[in-house]
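To start, the structure under review is shown below, and the notes come after it.
The values are calculated or read from the model by the stated rules, or taken from the named source; none is laboratory data. This structure is a prediction, so every number in the text was calculated from the model and none was measured. Cβ atoms come from the backbone with ideal geometry, glycine included; neighbour counts cover every protein chain shown.
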Amino acid sequence: MRNRQDLLYSDLCASSSKRHSPAGLFCRPQRWSLPGLGLLLLLSSLGCEKKEVAAKPAPPEVVVADVAQQDVPIYNEWVAQLNGPVNAEITPKVQGYLLRQNYQNGFFVKQGQLLFELDPRQYEADVEQAKAQLAVSQANLAKADADVQRDTPLAAQQAIPQKDLDTDLANQAALNAEVKAKKAALENAQLNLSWTKIFSPVDGIAGVSNSQIGDLVGTSTKMTTVSQVDPIWAYYSVSESAFLSFAPQATAIITGKVSLASLNSRPVEFIQANDVPYPLKGTIIYVNRQIGTQTGTIQLAAAFPNPDAILRPGGYGRVRLKTGDYKNALLVPQPAVIEVQGQYQLIVVTPDKKAVFRPVKVGERVGSNWIITEGLKPGEQVVVEGIQKIQAAAGQAPQLAREGIPVTPKPYVVSSGGSN
């Protein structure tokens, strides 16, 4: 008879072979000790345990925004350079030594304000000389007048030859012309004397003086420049195609058919070099007569009020002008747009809460939003926050990315500090 150990051994081998348990590896025609048999039973029980199935991860949470549809104004910007309507170069009209500078460099000056004084002594002497020469001529003229008055009745009575009266009349005419010439010379001498004082021709800011006290200055010396800064002009150039879009309006204004005041309905903004908008608006006041043959652009100018002289000649900035309206534009927040090598994408959330990548074409930026010109429909939702989560999921499961990645959407809330 088989003992209990043999029976247990045969049952274990039979059950192990049916389940393909690791215990079948030990079913050999040999006898086992009780400790070995216990180890065999432990291995058999481990082989029979079922593996636990890992729980599926929850869909990633994302923040979505509705696609907004509205009319959007279209603005264009051009680089501009500032300059004064008048930049008067102060040049003396006479030669002389500089005695005084009567203004402070870089300060405001008024029209007619004294800027420089030249040594006047030479011109004072010229005035005195011209006065003396005029007095001599006037005395000679008085004698000639007396001769004519005396000889006229005598010649009529034939008491003197007519030739003597003709000589008196000729001398009178010559001396009369000489007196006029001496008066003109005196006026010229007085004018030269007055030019030794140099005045500002306009209201504006006077620049740094190029001449020092004691310098000999003349008609070719540029002593300083006074720039009119209120208003100040911003010069910029636009392409020929852009000019043609408003050329009929410009022609109507310069021909007088439309008032220049009509331009106030299209104010011009100036963006300063520090990207801060200038608070006062301007108007277009100048369009050049020709288009540049080398650049294909035409120059325009806009005038801006500048009472505090914040804007200075020579400064750079940008002019911003409304050129039209974009009807029924589709807007999405700028963080929702993905740019890869010049191509743009959005992650659109479908009604069944699946995120899919969609290529789009973009237009202008409007505040914190971006205009989408192609690839999007009104009422759709796009992912604004959580884009990296979806990109990571798409990298792990490309097939799932094509079908749509399940997500848990939450509404997008614009921060109070943001701009629309």
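Scanning region 200-217 for residues that are small (G, A, S) and exposed (fewer than 13 other Cβ atoms within 10 Å of the Cβ) yields a total of 1. Restricting region 274-299 to residues that are more than 21 Å from S245 (Cα to Cα) and within 14 Å of the chain's Cα centre (by Cα) leaves a set whose member that is surrounded by the fewest Cβ atoms within 10 Å (Cβ to Cβ) is N274.
Consider A155 carefully, then state whether it is in the same structural domain as S211 (by TED's automatic domain parsing), at pLDDT below 95 and not in a strand (DSSP E or B). Taking the combined requirement at face value, the residue satisfies it.
Each residue in region 362-405 was checked for being assigned to a strand (DSSP E or B), touching a residue at least 40 places away in the same chain (Cβ under 8 Å) and among the hydrophobic types (A, V, I, L, M, F, W, C), and 7 pass.
Is it the case that region 229-238 has a residue that's surrounded by fewer than 16 Cβ atoms within 10 Å (Cβ to Cβ) and more than 15 Å from L82 (Cα to Cα)? Within region 229-238, not a single residue is surrounded by fewer than 16 Cβ atoms within 10 Å (Cβ to Cβ) and more than 15 Å from L82 (Cα to Cα).
Taken together, N210, N188 contain a single residue that is touching a residue at least 12 places away in the same chain (Cβ under 8 Å) and either small (G, A, S) or assigned to a helix (DSSP H, G or I) (or both), which is N188. Within region 251-269, residues that are assigned to a helix (DSSP H, G or I) reach partners that are surrounded by 15 or more Cβ atoms within 10 Å (Cβ to Cβ) and modelled with pLDDT under 75 with beta carbons closer than 9 Å, at six or more positions or on different chains, in the pairs I253/L263.
The residue that is farthest from P378 (Cα to Cα), counting only those in region 327-361 that are out of contact with any strand residue (DSSP E or B) (no Cβ under 8 Å at 6 or more places or on another chain) and either outside any strand (DSSP E or B) or in the same structural domain as L280 (by TED's automatic domain parsing) (or both), is Q341. Summed over region 312-328, the residues that are over 14 Å from Y236 (Cβ atoms) and at pLDDT 90 or above give a count of 3. When region 250-305 is filtered for residues that are among the aromatic types (F, W, Y) and within 20 Å of S239 (Cα to Cα), the ones remaining, listed by number, are F270, Y286.
Looking at E77, is it in contact (Cβ under 8 Å) with a residue 40 or more places away in the chain, surrounded by fewer than 13 Cβ atoms within 10 Å (Cβ to Cβ), at negative phi and among the acidic types (D, E)? No; evaluated as a whole, the condition is false for this residue. From the list G324, G317, exactly one residue is buried (at least 16 other Cβ atoms within 10 Å of the Cβ) and touching a strand residue (DSSP E or B) at 6+ places or on another chain (Cβ under 9 Å). Which is it? Sole residue among the options that is buried (at least 16 other Cβ atoms within 10 Å of the Cβ) and touching a strand residue (DSSP E or B) at 6+ places or on another chain (Cβ under 9 Å): G317.
Right, I271: over 19 Å from L82 (Cβ atoms) and surrounded by fewer than 18 Cβ atoms within 10 Å (Cβ to Cβ) or not? Taking the combined requirement at face value, the residue does not satisfy it.
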